[in-house]
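Notes follow once the structure below has been shown.
Taken together, the values in this text are just the output of simple stated rules run on the coordinates, not laboratory data. As the structure is a prediction and not an experimental result, all values here were calculated from the model. Note that we place each Cβ from the backbone using ideal geometry, even for glycine, and neighbour counts take in every protein chain shown.
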Amino acid sequence: MTDKSKVVKELFENTALYLTYDYNLQIRKETVEAFTTGLHFTHVLDIPSGTGAMSIPLLNRAEKLSLIDISANMLSIAKKNIPEENTFKTEIINADFFTLNLKENSYDLIICLGLLAHVNSPKQLLHKLSSLLKPGGMLIIQNTDSSHFYSHLIRLYLGAKNLIHKQTYKLNKVPADFIEKTLQQNNLELVKCYRYNQSFLGFSNLFSNEKKYKLTRSFFGDAVSPKHQIFGSDYTYLFKKKL
Ligand SMILES: C[S@@+](CC[C@H](N)C(=O)[O-])C[C@H]1O[C@@H](n2cnc3c(N)ncnc32)[C@H](O)[C@@H]1O
């Protein structure tokens, strides 16, 4: 395990910290639903699965689901979330994704939400995901565009906050055009994208999760009927691997 993986594991073993952002998890889950409506899958890979909230709802439309996460605590919640009648088609792997030797060209849907910000090399992640996907397979991947004006605002805000409370954990800064170009070079084509903002800057504590969900939806719409997309720094992409 690399130093970065150890720090990330420690961070996400504290599941409560992450799971308080539940309006954001709800938006992610609904975006995955919207991107996959009516489709049936042979083998779905959810990396990193967290509690499995994004992929477990797909179990009725999938023959097999693999959940991978470096956090044992996230996976123990995921295990409880799997309906008993579907456990036989679910595989749970507690490991660092980069140490796993998974079979290339073997998944027809890969869901990768919330990982790019935490890895040693975003480029290595994009290569690995592309190679695991079957030709014709779909990749749903999330990234916060570091070059977007809202990301600059967030960095200013966090920089000011940091003067008071020193924060040591740093997220990767990944621009949207890096994701799009790298995946295109890996033989994937962009099909759809839904954008919104994950942060309410300094106003987060003023609103409940329910209110944040409603505000986000009323401004940005949803993945089926998106609005004001240019203002959204958080991208959830749907890519397809060329045949
Ligand atoms: C921001 S959460 C996202 C979880 C889920 N996909 C979601 O959208 O709610 C990031 C997750 O990545 C996991 N993670 C980070 N680095 C990893 C790695 N190298 N291998 C496997 N899991 C990793 C963490 O344990 C954590 O559960």
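Can you give the local net charge around Leu59? Use residues other than it whose beta-carbon is closer than 15 angstrom to its beta-carbon, Lys and Arg +1, Asp and Glu -1.
Here the count lands on -1.
Just the number, please: percent antiparallel of the DSSP beta bridges in the chain, rounded to the nearest 5.
45
Figure the gain on full extension for Asn162 and Phe219 (residue separation times 0.36 nm, minus the Cα-Cα span) and round it to one decimal in nm.
17.6 nm
Kindly provide the Kirkwood hydrodynamic radius of region 15-99 in Å, to one decimal, from all pairs of distinct alpha carbon atoms.
One decimal place: 13.1 Å for the Kirkwood radius.
Where is the GNM fluctuation largest for the chain (alpha-carbon springs, 10 angstrom cutoff): Ala16, Ala176, Ala72?
Ala16
Over 10 Å intervals from 0, what percent of Cα-Cα pairs in region 122-243 sits in each interval?
The distribution over region 122-243 is 12, 36, 33, 17, 3, 0, given as percents.
Per the helix-only calculation at 222 nm, which mean residue ellipticity applies to the chain, given -39500 (n - 2.57) for every DSSP H run of n ≥ 4 and division by its residues, nearest 500 deg cm²/dmol?
-11500 deg cm²/dmol
With a 10 Å cut-off between alpha carbons and a GNM built on the chain, which of Phe149, Phe12, Phe41 moves the most?
Evaluated over the chain, the most mobile residue of the options is Phe149.
What is the P(r) of region 1-59, as percent of Cα-Cα pairs per 10 Å bin from 0?
19, 44, 27, 10, 0
Taking the Cβ of Ile77 as the centre, find all other residues whose Cβ is under 12 Å away and add up their charges (Lys, Arg: +1; Asp, Glu: -1).
The answer is 0.
In nm, to one decimal, how far is the modelled label at Phe200 from the one at Lys181, with both set 7 Å along Cα→Cβ?
Those two pseudo-labels are separated by 3.7 nm.
Provide, as a two-decimal number, the C-alpha radius of gyration of region 3-241 over 2.2 N^0.38 Å, N being how many residues it has.
Against the empirical 2.2 N^0.38 Å value, I get 0.98 for region 3-241.
Over region 3-241, what is the mean sequence separation of C-alpha contacts under 8 Å (at least six apart), divided by residue count, expressed as relative contact order in percent?
The normalised contact order for region 3-241 reaches 21 percent.
What distance in nm separates the simple spin-label points at Ala117 and Leu39, each placed 7 Å from Cα in the Cβ direction?
Modelled inter-label distance: 2.5 nm.
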